[in-house]
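Step one of this worksheet: look at the structure below.
Any read-out appearing in this document is the output of simple, stated calculations on the displayed coordinates, not a laboratory observation. Small disclaimer: the values here were computed from a predicted structure and weren't measured. Reconstructed Cβ throughout: ideal geometry from the backbone, glycine too, with neighbour counts over all protein chains shown.
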Amino acid sequence: METVKLSSKQGKGKIFPPNAKFLKVAGRDGYLAMPDGVETGQKTPWLWYCPSDYKLPGKLEQWMFKQCLDNGIAVAGIDLRGDLGTPAGRAIQTAFYEELTANHGVTDKVCLLARSYGATQMYNWAVEHPASIACLAGIYPVCNLESYPGLKSAAGKYGMKQDAFVKVLKQHNPIDRLAPLAKAKVPIYHNTGDIDTLVPPKDNTFVVEERYKALGGDMTVTIFEGQGHNYWTGFFEDKAMAAFIIKHAKAPALPKVLFFGDSISGGYTKPLQKLMEGKAELVKLGAVATYRINTEAWWHSSKKAKALDFGSAKACVADIERFGEHLERTKYDVIHFNFGLNDIFRGRNGAWHNPVDQYAKDLETIVTLLKKNGARIIWSNITPIPANCPHNPEGDDIIYNAAAAKVMKKHTISPSTTCTAW
């Protein structure tokens with residue numbers, strides 16, 4: 001790692017973990033401390049501490065940092081200059097995460113620990129990257145911008161007038177953004193004081209706990225009696241919190257599986273996710289039927305697609321550049337896919353939406369891209385067409401499956417007749 005000198009303003013008064021090295025990301029000061037004995041080529045689990053602003057981290061954080069480093073867990077952070085989870089701050093966090101995971105040997109999943117207002121940074125980034133989170137931990141964390149610092153101050157941090165900010169508050173307020181974390185089964189641990197008047201638990205931690213558990217999420221809360229928003233060492237030397245972080249940081253990574261395909265995949269997504277729970281980390285790309293569009297999928301009309309979402313080989317190739325970017329960023333152990341039912345669809349003129357020769361070329365393009373990821377690739381045949389199906393004459397699936405089989409054989413892709421073959 002290139003050693004970078006910290007600016008005096010942002011570095012003064014801070015106490016970094018032992019052996020910390022510094023780097024600049026998006027113009028901000030970041031640090032990374034690796035544990036001793038890291039083997040070359042080995043991915044190291046890591047803790048991301050928020051906030052790393054002003055005079056933090058300080059003396060109180062050192063106990064937890066030592067627990068992590070002594071257990072083979074790296075410690076990192078980036079100076080967001082008092083950010084409260086704004087979109088601009090989140091963008092810097094994303095750049096920091098991508099820099100560390102791509103170039104500095106840490107795992108794709110990270111444990112986040114936040115103190116006070118750092119939880120706004122932690123939560124607002126985590127909810128937008130739930131698949132990247134091993135666990136979240138908070139020390140008297142700010143989870144409700146209305147409670148702290150209050151709407152007027154929060155609106156200023158977001159560069160908005162208070163009236164305008166109130167209208168979009170739920171888009172930025174941690175207590176209102178928990179669903180993606182619960183869906184990804186991210187475990188959470190908070191500790192808080194029962195007489196904290198600056199960040200009252202009844203408006204912050206207790207709201208998160210009630211809502212997260214209602215969403216099916218796993219959350220633990222420790223309440224320290226007679227403690228407020230203070231420097232009592234018990235908050236920072238919480239052995240249960242340390243054990244929680246170490247457990248989830250060092251948990252064996254589940255195989256990462258990508259599955260995608262035409263709209264039939266929507267029917268087996270939930271059963272498959274339930275079947276593979278605890279066995280694999282499943283990533284599902286959406287499936288949208290595009291047979292009504294003559295030239296391109298509807299989400300391309302504005303050139304501002306929100307997410308990868310395709311239900312045919314034709315649509316996948318239409319978004320192949322962004323799909324490639326996704327596969328460069330995310331490494332999978334297994335990729336399972338199927339396309340064809342929507343490519344076959346015959347419109348009012350009786351012509352295939354995607355002629356079989358072009359379909360084969362599209363599969364060639366897709367498979368060539370998938371192989372660059374290094375995952376085991378599995379292809380599933382087209383869903384059989386029942387008799388008397390409107391716009392899909394019986395037997396079309398046989399023609400397209402034969403074309404697909406040639407492509408898969410050329411690339412030695414494993415065939416399957418069911419999405420759960422792996």
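Here are some notes:
- Computed from backbone phi with θ = phi - 60° and the Karplus coefficients 6.51, -1.76 and 1.60, the 3J(HN,Hα) list for the range 157-169 is 5, 8, x, 10, 6, 4, 4, 5, 5, 4, 5, 10, 3 Hz; x is used for glycine and proline.
- Net charge over other residues, Cβ less than 11 angstrom from the Cβ of PHE224 (K, R count +1; D, E count -1): -4
- Database remark: amide H of PHE224 closer than 5 angstrom to the amide H of THR192, GLY193, ASP194 (H placed geometrically; neighbours at sequence offset of 5 or more, or on other chains; Pro and chain starts carry no H).
- A simple count of charges around VAL407, restricted to other residues whose Cβ falls under 10 Å of its Cβ and scoring Lys, Arg +1 and Asp, Glu -1, yields +2.
- Cα centre as origin, Lys/Arg/Asp/Glu Cβ charges: the chain dipole, Debye: 500
- Between LEU215 and ALA26, the FRET efficiency estimated from the beta carbon spacing at R0 = 45 angstrom works out to 0.90.
- Equivalent-ellipsoid semi-axes of the range 1-140, from the Cα gyration tensor, Å, largest first: 19, 17, 15
- Choice from TYR212, TYR158, TYR231 showing the highest fluctuation, given a GNM over the chain with Cα pairs closer than 10 Å: TYR231
- Once the chain from THR368 to ALA243 is taken as fully extended at 0.36 nm per residue, the excess over their C-alpha distance is 40.6 nm.
- Paramagnetic reach from ARG81 (point 7 Å along Cα→Cβ, amide N under 17 Å) across the range 102-146: 121
- Here's the picture: a label point sits 7 Å out from the Cα of ALA184 along the beta-carbon direction, and within the range 123-153 the residues with their amide nitrogen under 12 Å of it are 123-136.
- Within a Gaussian network of the chain (alpha carbon springs, distance under 10 Å), most fluctuating of GLU364, GLU146, GLU321: GLU321
- The label point for GLN162 and the one for GLU321, both projected 7 Å from the Cα toward the Cβ, are 4.5 nm apart.
- Straight-distance candidates among the aspartates and glutamates for linking to LYS256, with alpha-carbon spacing under 14 Å and chain neighbours fewer than 8 residues away dropped: ASP108, GLU277, GLU281, ASP333.
- FRET efficiency, ASN230 to LEU254 (Cβ-Cβ, R0 30 Å, nearest 0.05): 0.15
- Unsatisfied cross-links (Cα-Cα over 30 Å) in the set LYS43/LYS409; LYS152/LYS284; LYS167/LYS213; LYS152/LYS183: LYS43/LYS409; LYS152/LYS284; LYS152/LYS183
- Between TYR268 and LYS331, the contour length at 0.36 nm per residue exceeds the alpha carbon distance by 20.4 nm.
- Here the Karplus curve 6.51 cos²θ - 1.76 cosθ + 1.60, taken at θ = phi - 60°, turns the phi angles of the range 385-391 into couplings of 8, x, 5, 6, 7, x, 6 Hz, with x standing for Gly and Pro.
- Here each label is just a point 7 Å from Cα along the line to Cβ, and for ARG376 and LYS361 those points are 3.4 nm apart.
- Nearest-ten-degree value, helix 396-410 long axis tilted from longest Cα axis of the chain: 60
- Each residue of the range 74-81 was assigned a 3J(HN,Hα) from its phi angle through the Karplus expression (A = 6.51, B = -1.76, C = 1.60, θ = phi - 60°), giving 6, 10, 8, x, 9, 7, 9, 6 Hz with x at Gly and Pro.
- Here the relative contact order of the range 58-199, from alpha carbon pairs under 8 Å that lie six or more residues apart, stands at 23 percent.
- Prolate/oblate/rounded call for the range 8-249, Cα gyration tensor, a/c under 1.5 rounded: rounded
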